[in-house]
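Reviewing the structure listed below.
The values are calculated or read from the model by the stated rules, or taken from the named source; none is laboratory data. Fair warning: this is a prediction, and the values are worked out from it, not measured in the lab. Cβ placement follows ideal geometry from the backbone for every residue including glycine, while neighbour counts extend to all protein chains displayed.
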Amino acid sequence: MWEQIQANKRRSAILITGMAIILLLIGFTGGELLAPNAGAFGLLLALIIWGGMMLAYFTSAESILMSSANARELKKEDSPELFNVVDEMRLASGLGFMPRIFLIDDPAPNAFAVGRKPETSSITVTTGLMYRLNRDELQGVIAHEMGHLKNRDVQFMTLAAVMLGSIVILSEIVRRSLWYGGRGRSRSDSRDGKDGGQLQIIILVVGLLFAILGPIMAQLLYFACSRKREYLADASGAQFTRYPEGLASALEKISQAHVPLSFASKATAPMFIVNPLSAAEADGDESDSVFSSHPPTSQRIKILRAMTGASFTDYEAAYRKAKGGSLIGTQSLQSAPTEAIRAPSNEGPIQSRQDAHDVARRASGYMRVKCNCGLEISVPEGYEQDSIRCPRCSSVIPIPSVGTTPPPPSTVSAVPPVIPLSPLQYHRTGTGWESFRCGCGSTVQLSPAFDAPQITCNKCGRTIQVD
Amino acid sequence: MGIGIIALVLVGLIVVILAWVAGAYNGLIRLRNQLENAWAQIDVQLKRRHDLIPNLVETVKGYATHERETLEKVIQARNMAVSATSVGDKAQAEGVLTGALKSLFAVAEAYPDLKANSEFMRLQEELTSTENKVAFARQFYNDSVMTYNTHIEVFPTNLLATTFNFGRRDFFEVKAEDEREAPQVKF
């Protein structure tokens, strides 16, 4: 399997080299345009801009996205089901490390993966995804994201984005300098003679072309890379789960949800599984535009559903039929036979809507305190008082300070309830088995052999006189 | 002059061949390591499964007092799986264990108190997810085995493989006992 990934990496390297050439050419010709023999200086400027942007991206991109989205990290206890799904895909993909899992409390179903280094990677899902998709579909989405991580897509796309940004900035500089600066023509003319004049005009024209068209070409390359990567991640997802229909129906559900994702912007859109900006529109993501970061969802679904097996080879065949052209290439698929598709698992969503919100709230630092009457109360992070009144039975519950575990329910009843409860006396009506309810709600049983004057309730510890 | 060029070409050829040998050898090493890591992952999941079973048996014992046979089968199967060593033996022992667990869960259906017990439910979820993980780890291991076996058998890499002792590896095929039997048609 790693061969297919190596092959695609090689192809992407070619694309990136194309962008790098554009960058360096703009630098060189821009430099030449502005001053004679300043091409080298232009090259240097290009490299400096690129280096600066790399530094900026690599140190801050992820945290900006995560904090703007209000994503909370989950631990295994918060949602063992989600952890199990991710763990299964970690094994199936051979990733070798477990990514961190984040949750966003948003009804729009979507997911994305970020990670510069494999060891610091993470996967984020929304609560909408958790309760709208069934287990097979969720598995498909997670497998797709794992595919991105395995193919090192995030590093690659970050690199490409930085390249694109540098090209845009550099060409902007060149154009503005031309506009304001002009060339030191008189000096070079007197040195080169009349042949120099024609060369200068050619360089001028070529330089202008690069400065104007360069950014556009680079953008096309960037989006082409992005789309190709999405298809490859789909193929990886199908291979890992051996069940392409799971991912296909997940994509269908996500694209039909028509719920806008509250925090996505144009800058962050490429990272999601389905383009969040167009998922909200009623007519969906149908444009096969060269400027779109994701391929049209209907196309992705069509290819997945046309697969006759579950391996990369089968995805390649379906891709060829639907789009023409190849994704991975037959050379690298030589040792990959088709794999059979497994049966669906028939399990429903891993969390109900309420549970999914609970998981998100707990991860956000809400504390759960349990009252004697059975009600669980979510206490928000900023709650400063040290006790809370139960809305159901009005008893007062002390709130433990952050970091300590809440006391077990039996000790909570040390504070007597405010409303009067049933009397602490019970009259036996006969000599057989009898049971009655204590004030706390639990059932107390008296056997025929019981003849003591009082009994203690098991749950709240209160003594009840029996006569 | 002519000899100089021939010598240069020869040297170039040797360099190219050496480069190929190095690349192919490294590829085989990488594949073998991936394979062994995949096996280690399976081992981790299997061990987890073996560790969960005693808890499960204890929980069930408290409720289903008449099902001693089923419980004993599970314990026996588990002990056999723990002591199996080769890939083939392990595969078989795990298949037997899966069958025994299936009958245990089928039996548990008849005891609603047991089904409602939170510890039992937790163990059931853990065991199911461990089974899934074993399945996926096994899937990845078998994929790795196949890629590796293909590589050491195609020409010209097979020459390298025999020289440096890269042997074929076995697949890990686990089939529950009842799956192996052909369906019986009864009228």
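The table that follows gives values for the structure above.
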read-out	value
Some residue of the stretch A:103-115 being more than 14 Å from every other protein chain (Cβ to nearest Cβ) and more than 21 Å from residue A:251 (Cβ to Cβ)	yes
Residue check, residue A:182 outside any loop (DSSP other than H, G, I, E, B) and either at pLDDT below 75 or of a type outside the set (D, E, K, R) (or both)	no
Number of the condition not met by residue B:73 [criteria: (1) surrounded by fewer than 16 Cβ atoms within 10 Å (Cβ to Cβ); (2) over 30 Å from residue B:162 (Cα atoms); (3) charged (D, E, K, R)]	(1)
Members of the stretch A:103-136 found to be within 24 Å of residue A:228 (Cβ to Cβ) and in a helix (DSSP H, G or I), listed by number	A:118
Search result, residues across the stretch B:97-147 that are more than 20 Å from residue B:55 (Cβ to Cβ) and among the β-branched types (Val, Ile, Thr)	B:145, B:147
Residue match in the stretch A:328-335 (condition: within 28 Å of residue A:161 (Cβ to Cβ), modelled with pLDDT under 75 and not in a helix (DSSP H, G or I))	yes
Condition met for residue B:93 (among the aliphatic types (A, V, I, L, M), at pLDDT below 90 and not in a helix (DSSP H, G or I))	no
Residue in the stretch B:157-173 that is modelled with the lowest pLDDT, counting only those that are in a loop (DSSP other than H, G, I, E, B), surrounded by fewer than 20 Cβ atoms within 10 Å (Cβ to Cβ) and within 14 Å of chain A (Cβ to nearest Cβ)	B:173
Among the candidates B:23, B:62, residue that is within 14 Å of chain A (Cβ to nearest Cβ), more than 22 Å from residue B:83 (Cβ to Cβ) and modelled with pLDDT under 90	B:23
Count - residues of the stretch B:122-137 that are under 10 Å from the mean Cα position of the chain (by Cα) and more than 9 Å from chain A (Cβ to nearest Cβ)	0
Boolean, residue A:123 is modelled with pLDDT of 85 or more and touching a Pro at 6+ places or on another chain (Cβ under 8 Å)	yes
Exclusive hit being surrounded by fewer than 20 Cβ atoms within 10 Å (Cβ to Cβ), away from chain A (no Cβ under 14 Å), part of a helix (DSSP H, G or I) and free of Cβ contacts under 8 Å to residues at least 60 places away in the same chain, set B:102, B:115	B:115
Count - residues of the stretch B:138-156 that are more than 9 Å from chain A (Cβ to nearest Cβ) and over 18 Å from residue B:87 (Cβ atoms)	3
Failed item, numbered, when residue A:95 is tested on (1) within 12 Å of chain B (Cβ to nearest Cβ); (2) outside any loop (DSSP other than H, G, I, E, B)	(2)
Meets criteria (touching a helix residue (DSSP H, G or I) at 6+ places or on another chain (Cβ under 8 Å) and surrounded by fewer than 17 Cβ atoms within 10 Å (Cβ to Cβ)) for residue A:109	no
